[in-house]
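Asker: The structure that follows is given in the form of structure tokens.
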Amino acid sequence: MQKKWAIAFLFINLMVTAWFATTLPGTAFDYNFDAFFKQDDPQTAYFEQHRNTFGTDNDFVLIGIVSRKGVFNASFLEKVDSLTRQLADVKFVEQVISPTNSFIPIREPLTGNLFRRPLLTGDMAADSIRMQTDPSMAAQLFSRDTTALSIVLSHKEKLTKNQCDTLSTELRGLLSTYDFYQVHLGGRAIGQVVFIEKITREFSFFIALSICFVVVLLFFIFRSFRGVVIPLITVLLALVWSIGLVNLSGKGVSILLNMLPPVIFVVGMSDAVHLYSRYLEELGKGMSKAFAIRQTVFDTGLATLLTSITTAIGFASLYFTEIPILMEFGLITAAGVLVAFVIAITVLPAWLVLTKEPLNTLKHHNRYSWEAGLQKLFFRVIRNRNYLFAGSIVLTLVFAGITSRIDLNNYLLEDLRPGEPLRQDFEFFDQYFAGVRPFEIGIKLKDGSGHLLDPAHLHTMQRIETYLSETYGAGALQSPLVAAREIHRARNAGRNAFYNLPTDSLGVAQVQADLRKVHRMGKLKTFIDSTGHYARMSGRVGDWGAVAFAEKGDSLKAFLAKEGFDKVYNIEITGTGTLIDRTNQNLVYSLGKGLGIAFLIIAFIMGLMFKSMRMVAIALAPNILPLLAVASVMVVFGIDLKMSTSIIFTIAFGIAVDDTIHMLSRYKLELMKGRANLNALRNAFIHTGKALILTSIILFVGFVSMMFSTFQSTFYIGLFVTLTLFFALLFDLTLLPALIAVFALKPGSQRLNRPAQQPDNHIKSGDTE
């Protein structure tokens with residue numbers, strides 16, 4: 001590479017980097033539940049229709065307040081009343097439902113006029129008894145043990161990130177002015193603020209931590225200032241480009257893209273270390289600077305290109321999941337991996353051209369100690385190749401058997417560790433109230449005739465509601481039934497005993513007439529559409545996990561079929577939580593499809609390299625075992641398969657196969673130099689072994705840094721990708737050469753010329769054995 005070309009490459013890289021750098025101040029962060037929904041799915045389409053008809057299911061905030069002396073305490077309720085009035089003035093709040101501003105409607109029997117009686121009369125003893133016997137209050141405004149009450153805020157739909165910040169800040173500021181014993185907050189807007197704050201904080205933390213780890217490792221590997229600076233600069237440029245791509249795509253940094261810095265750091269650093277190590281290796285053999293750079297670019301550069309492509313394929317395969325957050329993460333990270341290669345293969349050689357060769361290259365005694373150790377390992381592998389092959393078959397069968405028992409499950413708050421305040425807040429509502437997770441059911445008449453406010457249909461909905469409340473476990477249920485019951489109670493002096501559907505013909509006629517009138521006035525539009533053919537039943541449930549919800553859903557379908565309701569109505573469970581569960585249930589197929597496509601593409605690349613299906617099978621075998629091994633570890637430690645853990649396999653496969661490609665590429669180069677097969681394998685093993693170990697250490701450290709995350713998904717990805725890479729390195733240094741020796745070498749080519757003292761690494765390039 002001539003100096004003018006080197007200067008041109010550096011100039012272009014710096015200009016592009018400066019352009020991407022201008023986007024950095026505008027880096028946005030995002031956490032959107034809708035990004036977890038699988039696109040082009042009938043259930044997603046149904047939910048969109050349901051939401052467009054009745055409104056969103058999670059635009060609320062719950063405030064739980066605990067009193068040491070119980071909630072039926074005059075001074076405590078005075079504070080709650082004051083808070084209730086102030087909450088109405090908080091920005092974006094549209095409705096406040098509190099025990100102190102709620103009323104029971106009562107219709108005067110003579111005049112027919114309605115008046116509202118306060119829910120709480122001020123007589124603490126009487127109020128306590130009445131609230132505990134009021135079915136409309138069950139798990140809604142008062143806890144079962146009356147030690148806590150809740151206030152429900154309805155806010156503007158689909159608040160943006162900044163609007164959620166404003167709402168959360170005002171609420172927390174207002175609540176801090178009161179000396180309540182305990183206060184808990186729940187709801188999407190509150191959770192989104194906490195998640196984005198953590199994402200923002202950890203994004204910067206991962207960048208700083210990755211830089212620190214990499215600097216220490218580079219100094220340990222190269223023992224020189226230059227050995228630290230050159231690779232570090234290339235990786236920093238790659239990181240700026242990658243974040244710039246995120247900003248130019250118009251996407252915010254999500255919980256998955258939060259992992260972009262360490263991924264780009266470790267993958268880019270692997271490229272840089274392979275290239276720079278080859279440069280120093282050639283200089284250490286006495287080669288000229290120009291020859292060393294040429295070998296670095298064309299020999300190691302080709303292998304590094306292939307590994308970058310396979311790693312990018314691993315990430316890009318997430319596109320086939322059809323889940324927006326995974327598609328976005330896969331494509332942007334794949335682009336970042338390729339960007340890291342482009343920068344490494346242009347900036348690093350250009351830098352080397354324009355600078356003098358280092359005074360101290362790889363120390364001979366250190367190099368030979370590595371080579372001696374690797375040579376010993378190689379001969380042991382070859383001597384025991386049949387045992388290794390047989391052992392790999394046994395391991396595969398054992399791992400496959402264990403993996404078959406892996407469970408598929410997920411929770412809405414699984415990303416938060418048990419001690420996180422937000423998770424404890426949500427668990428408070430699960431324990432004392434109906435929960436925070438929205439629960440939605442759509443009920444639609446099949447034949448389109450009749451009206452869901454007719455008595456027969458109302459009684460059917462009541463039977464469904466009873467099942468949901470008593471068997472399914474849903475609470476705070478709302479539907480057209482609530483209006484019907486309120487009307488019946490209002491006509492009977494507001495007595496709790498009449499909070500039900502009437503059974504006498506006169507009562508039925510009166511309630512139906514009032515109910516139809518209220519419907520025509522549009523006051524029931526959040527629970528029944530204008531045609532009267534489509535109704536909504538909503539409530540809240542605890543965060544029980546996808547497996548529990550799947551079982552409850554099957555039981556509900558069996559109940560509906562047994563009662564014959566499925567013949568009259570289309571009844572669908574829907575809602576935000578349901579769609580996330582469904583996405584997780586489809587993950588095995590979606591990610592299996594993506595992993596299969598990545599597997600085929602990488603196999604095709606291997607086939608082009610060696611033009612042999614036998615070599616393709618040999619190359620892929622050591623990279624399947626690590627995936628089975630990690631899946632087995634998950635089963636043993638009771639870790640469920642979910643979105644955060646399942647993507648590990650596609651990511652790890654794309655990265656783990658890099659070691660195999662580097663070794664096989666060098667093996668092929670040795671064969672092209674005319675070396676005998678087994679000697680070529682030995683040289684490839686020794687020449688690449690050190691680089692594989694060092695780059696694997698860098699990858700380990702990079703992904704281990706993710707284990708410092710407060711998000712369990714990021715923690716698990718760091719842990720299991722590290723484990724996968726460890727197993728991949730282990731099998732590449734043992735099983736891969738054993739398989740080549742058993743299956744790929746021709747008869748008569750397995751004689752090995754073992755040097756008396758040192759391997760032939762010092763032989764000039766071009767010499768043959």
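Asker: Take Thr146 and tell me if it is out of contact with any Leu (no Cβ under 6 Å at 6 or more places or on another chain), hydroxyl-bearing (Ser, Thr, Tyr) and either open to solvent by 60 Å² or more (accessible area, probe 1.4 Å) or at positive phi (or both). Working first, answer last.
Answerer: Values: out of contact with any Leu (no Cβ under 6 Å at 6 or more places or on another chain): yes; hydroxyl-bearing (Ser, Thr, Tyr): yes; either open to solvent by 60 Å² or more (accessible area, probe 1.4 Å) or at positive phi (or both): yes.
Against the criterion (out of contact with any Leu (no Cβ under 6 Å at 6 or more places or on another chain), hydroxyl-bearing (Ser, Thr, Tyr) and either open to solvent by 60 Å² or more (accessible area, probe 1.4 Å) or at positive phi (or both)), Thr146 qualifies.
Asker: Run down Gly718, Gly702, Gly689, Gly674 and say which single residue is over 27 Å from Gly419 (Cα atoms) and either assigned to a helix (DSSP H, G or I) or open to solvent by less than 10 Å² (accessible area, probe 1.4 Å) (or both).
Answerer: The conditions single out Gly689.
The rows are residues; the columns are (1) over 17 Å from Gln95 (Cα atoms); (2) over 46 Å from the mean Cα position of the chain (by Cα); (3) crowded, with 19+ Cβ neighbours inside 10 Å; (4) of a type outside the set (Val, Ile, Thr).
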{"position": "Phe115", "(1), (2), (3), (4)": "yes, yes, no, yes"}
{"position": "Leu120", "(1), (2), (3), (4)": "yes, no, yes, yes"}
{"position": "Asp123", "(1), (2), (3), (4)": "yes, yes, no, yes"}
{"position": "Ser128", "(1), (2), (3), (4)": "yes, no, no, yes"}
{"position": "Thr133", "(1), (2), (3), (4)": "yes, no, no, no"}
{"position": "Gln140", "(1), (2), (3), (4)": "no, no, yes, yes"}
{"position": "Ser154", "(1), (2), (3), (4)": "no, no, no, yes"}
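Asker: Quick check on my filter: what residues within segment 271-297 are open to solvent by 10 Å² or more (accessible area, probe 1.4 Å), of a type in the set (Ser, Thr, Tyr) and more than 14 Å from Leu694 (Cα to Cα)?
Answerer: Passing the criteria: only Ser288.
Asker: Being touching a residue at least 60 places away in the same chain (Cβ under 8 Å), touching an Asp or Glu at 6+ places or on another chain (Cβ under 6 Å), over 25 Å from Gly448 (Cβ atoms) and not hydrophobic (A, V, I, L, M, F, W, C), is that true of even one residue in segment 545-560?
Answerer: Taking every residue of segment 545-560 in turn, none turns out to be touching a residue at least 60 places away in the same chain (Cβ under 8 Å), touching an Asp or Glu at 6+ places or on another chain (Cβ under 6 Å), over 25 Å from Gly448 (Cβ atoms) and not hydrophobic (A, V, I, L, M, F, W, C).
Asker: Do we have any residue at all in segment 596-614 that's modelled with pLDDT under 80 and within 30 Å of Glu48 (Cβ to Cβ)?
Answerer: Scanning segment 596-614 turns up no residue that is modelled with pLDDT under 80 and within 30 Å of Glu48 (Cβ to Cβ).
Asker: Please verify whether segment 202-213 includes one or more residues that are touching a residue at least 24 places away in the same chain (Cβ under 8 Å), crowded, with 16+ Cβ neighbours inside 10 Å, closer than 30 Å to Phe439 by Cβ and in contact with a strand residue (DSSP E or B) (Cβ under 7 Å, 6 or more places away or on another chain).
Answerer: no
Asker: Right, here's the next one. Give Leu627, Leu608, Leu600 a once-over and let me know the one that is under 21 Å from Thr722 (Cβ atoms), aliphatic (A, V, I, L, M) and open to solvent by 10 Å² or more (accessible area, probe 1.4 Å).
Answerer: Working: Leu608 fails: under 21 Å from Thr722 (Cβ atoms); Leu600 fails: under 21 Å from Thr722 (Cβ atoms).
Exactly one of Leu627, Leu608, Leu600 is under 21 Å from Thr722 (Cβ atoms), aliphatic (A, V, I, L, M) and open to solvent by 10 Å² or more (accessible area, probe 1.4 Å), namely Leu627.
Asker: Leu397 passes all but one of (1) among the hydrophobic types (A, V, I, L, M, F, W, C); (2) open to solvent by 40 Å² or more (accessible area, probe 1.4 Å); (3) outside any helix (DSSP H, G or I); which number fails?
Answerer: Going through the list (1) among the hydrophobic types (A, V, I, L, M, F, W, C); (2) open to solvent by 40 Å² or more (accessible area, probe 1.4 Å); (3) outside any helix (DSSP H, G or I), Leu397 breaks only (3).
Asker: Given the conditions (1) in a helix (DSSP H, G or I); (2) hydroxyl-bearing (Ser, Thr, Tyr); (3) over 25 Å from Val704 (Cβ atoms), report the number of the one that Thr200 does not fulfil.
Answerer: (3)
Asker: Given the structure, is Ala45 open to solvent by 20 Å² or more (accessible area, probe 1.4 Å), within 27 Å of the chain's Cα centre (by Cα) and aliphatic (A, V, I, L, M)?
Answerer: Working: open to solvent by 20 Å² or more (accessible area, probe 1.4 Å): yes; within 27 Å of the chain's Cα centre (by Cα): yes; aliphatic (A, V, I, L, M): yes.
Criteria met by Ala45.
Asker: Next up: Looking at segment 97-113 only, could you name the residues that are within 15 Å of Ser150 (Cα to Cα) and either in a loop (DSSP other than H, G, I, E, B) or open to solvent by less than 30 Å² (accessible area, probe 1.4 Å) (or both)? So that I can check it myself, show each step before the final result.
Answerer: Residues of segment 97-113 within 15 Å of Ser150 (Cα to Cα): 97-102.
Selection gives Ser98, Pro99, Thr100, Asn101, Ser102.
Asker: Right, here's the next one. Sort out which residues of segment 1-29 are surrounded by fewer than 13 Cβ atoms within 10 Å (Cβ to Cβ) and under 26 Å from Ile196 (Cα atoms), and write them in order of number.
Answerer: Those that are surrounded by fewer than 13 Cβ atoms within 10 Å (Cβ to Cβ) and under 26 Å from Ile196 (Cα atoms): Thr22, Leu24, Pro25, Gly26.
Asker: If you check Val568 against the conditions, is it within 15 Å of Gln462 (Cβ to Cβ), touching a Pro at 6+ places or on another chain (Cβ under 8 Å) and of a type in the set (A, V, I, L, M)?
Answerer: Values: within 15 Å of Gln462 (Cβ to Cβ): yes; touching a Pro at 6+ places or on another chain (Cβ under 8 Å): no; of a type in the set (A, V, I, L, M): yes.
Considered against the rule, which asks whether it is within 15 Å of Gln462 (Cβ to Cβ), touching a Pro at 6+ places or on another chain (Cβ under 8 Å) and of a type in the set (A, V, I, L, M), Val568 comes out as no.
Asker: Provide a single number: the residues in segment 372-394 that are without any contact (Cβ under 8 Å) to a residue 24 or more places away in the chain, open to solvent by less than 70 Å² (accessible area, probe 1.4 Å) and among the aliphatic types (A, V, I, L, M).
Answerer: The first filter runs over segment 372-394 and keeps only residues without any contact (Cβ under 8 Å) to a residue 24 or more places away in the chain, leaving 373, 376, 380, 383, 387, 390-391, 393-394.
Imposing the further condition that a residue be open to solvent by less than 70 Å² (accessible area, probe 1.4 Å) reduces the set to 373, 390-391.
Applying the additional criterion that residues be among the aliphatic types (A, V, I, L, M) yields 390.
Adding up the residues that qualify gives 1.
Residues checked against (1) in contact with a strand residue (DSSP E or B) (Cβ under 7 Å, 6 or more places away or on another chain); (2) open to solvent by 30 Å² or more (accessible area, probe 1.4 Å):
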position: Ser404; (1), (2): no, yes
position: Asn409; (1), (2): no, no
position: Arg423; (1), (2): yes, yes
position: Phe428; (1), (2): yes, no
position: Arg437; (1), (2): yes, no
position: Ser449; (1), (2): no, yes
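Asker: Output the residue which, of all residues in segment 317-328 that are surrounded by fewer than 24 Cβ atoms within 10 Å (Cβ to Cβ), in contact (Cβ under 8 Å) with a residue 40 or more places away in the chain and in a helix (DSSP H, G or I), is farthest from the chain's Cα centre (by Cα).
Answerer: First, pick out the residues of segment 317-328 that are surrounded by fewer than 24 Cβ atoms within 10 Å (Cβ to Cβ): 319-320, 322, 324, 327-328.
Restricting the remaining residues to those that are in contact (Cβ under 8 Å) with a residue 40 or more places away in the chain gives 319-320, 322, 324, 328.
Still in the list and also in a helix (DSSP H, G or I): 319-320, 324, 328.
Numbers: Tyr319: 14, Phe320: 16, Pro324: 11, Glu328: 12 Å.
Among those that are surrounded by fewer than 24 Cβ atoms within 10 Å (Cβ to Cβ), in contact (Cβ under 8 Å) with a residue 40 or more places away in the chain and in a helix (DSSP H, G or I), it is Phe320.
Asker: Another one. I need the full set of residues from segment 504-522 which are among the hydrophobic types (A, V, I, L, M, F, W, C) and surrounded by fewer than 18 Cβ atoms within 10 Å (Cβ to Cβ), in order please. Quick ask: steps written out before the conclusion?
Answerer: Taking segment 504-522 and keeping what is among the hydrophobic types (A, V, I, L, M, F, W, C), we get 506, 508-509, 511, 513, 515, 518, 521.
Once the filter is applied, which keeps residues that are among the hydrophobic types (A, V, I, L, M, F, W, C) and surrounded by fewer than 18 Cβ atoms within 10 Å (Cβ to Cβ), segment 504-522 yields Leu506, Ala509, Ala513, Val518, Met521.
Asker: While we're looking at this one, here's another question. Looking at (1) open to solvent by 60 Å² or more (accessible area, probe 1.4 Å); (2) touching a helix residue (DSSP H, G or I) at 6+ places or on another chain (Cβ under 8 Å); (3) of a type outside the set (Val, Ile, Thr); (4) under 29 Å from Cys164 (Cβ atoms), which is the one condition that is false for Lys69?
Answerer: (4)
Asker: Working only within segment 240-253, note down all residues that are open to solvent by 10 Å² or more (accessible area, probe 1.4 Å), in contact (Cβ under 8 Å) with a residue 60 or more places away in the chain and closer than 19 Å to Ala316 by Cα.
Answerer: As a first pass, look at segment 240-253 and keep what is open to solvent by 10 Å² or more (accessible area, probe 1.4 Å): 240-241, 243, 245, 247-252.
If we keep only those that are in contact (Cβ under 8 Å) with a residue 60 or more places away in the chain as well, we get 240-241, 243, 245, 247-249, 251-252.
Trp241, Ile243, Leu245, Asn247, Leu248, Ser249, Lys251, Gly252 - these are the residues of segment 240-253 that are open to solvent by 10 Å² or more (accessible area, probe 1.4 Å), in contact (Cβ under 8 Å) with a residue 60 or more places away in the chain and closer than 19 Å to Ala316 by Cα.
Asker: In segment 42-59, which residue that is in contact (Cβ under 8 Å) with a residue 40 or more places away in the chain and either charged (D, E, K, R) or touching a helix residue (DSSP H, G or I) at 6+ places or on another chain (Cβ under 8 Å) (or both) is nearest to Lys525 (Cα to Cα)?
Answerer: Within segment 42-59, the match that is nearest to Lys525 (Cα to Cα) is Asp57.
Asker: Any residue that is within 22 Å of Leu595 (Cβ to Cβ) and surrounded by fewer than 22 Cβ atoms within 10 Å (Cβ to Cβ) - is there at least one of those in segment 336-351?
Answerer: Yes.
Asker: Here is a further query. Looking at Ala303, Ala335, which is the one that is assigned to a helix (DSSP H, G or I), under 21 Å from Val657 (Cα atoms), under 37 Å from the mean Cα position of the chain (by Cα) and at pLDDT 85 or above? It would help to see each step written out before you state the result.
Answerer: On the way: Ala303 fails: at pLDDT 85 or above.
The match here is Ala335.
Asker: Let me ask another. How many residues does segment 383-421 hold that are in contact with a Phe, Trp or Tyr (Cβ under 9 Å, 6 or more places away or on another chain) and of a type outside the set (Gly, Ala, Ser)? Before the answer, list the steps.
Answerer: First, pick out the residues of segment 383-421 that are in contact with a Phe, Trp or Tyr (Cβ under 9 Å, 6 or more places away or on another chain): 389, 392, 411-413, 415-417.
Pick out the ones that are also of a type outside the set (Gly, Ala, Ser) and you get 389, 411-413, 415-417.
Of the residues in segment 383-421, 7 are in contact with a Phe, Trp or Tyr (Cβ under 9 Å, 6 or more places away or on another chain) and of a type outside the set (Gly, Ala, Ser).
Asker: Of these, Thr576, Thr645, which one is under 24 Å from Glu414 (Cα atoms), touching a Pro at 6+ places or on another chain (Cβ under 8 Å) and not aliphatic (A, V, I, L, M)? Steps first, answer last, please.
Answerer: On the way: Thr645 fails: touching a Pro at 6+ places or on another chain (Cβ under 8 Å).
Of Thr576, Thr645, the one residue that is under 24 Å from Glu414 (Cα atoms), touching a Pro at 6+ places or on another chain (Cβ under 8 Å) and not aliphatic (A, V, I, L, M) is Thr576.
Asker: Keeping to segment 536-581, report how many residues are assigned to a strand (DSSP E or B), open to solvent by less than 60 Å² (accessible area, probe 1.4 Å) and either touching a Gly at 6+ places or on another chain (Cβ under 8 Å) or closer than 13 Å to Ala474 by Cβ (or both). Talk me through it step by step, then tell me what you get.
Answerer: Within segment 536-581, the first condition is being assigned to a strand (DSSP E or B), and the residues that meet it are 536-541, 569-574.
When the remaining residues are screened for being open to solvent by less than 60 Å² (accessible area, probe 1.4 Å), the result is 536-541, 569, 571, 573-574.
Keeping just the survivors that are either touching a Gly at 6+ places or on another chain (Cβ under 8 Å) or closer than 13 Å to Ala474 by Cβ (or both) gives 536-541, 571, 573-574.
Number satisfying all stated conditions: 9.
The values are calculated or read from the model by the stated rules, or taken from the named source; none is laboratory data. Quick caveat, the model's predicted, so the values are computed rather than measured. Note that each Cβ is placed from the backbone with ideal geometry, even for glycine, and that neighbours are counted across all protein chains shown. Ligands, DNA and RNA are excluded from the accessible area calculation, which covers all protein heavy atoms including side chains. Shrake-Rupley method; radii C 1.70, N 1.55, O 1.52, S 1.80 Å.
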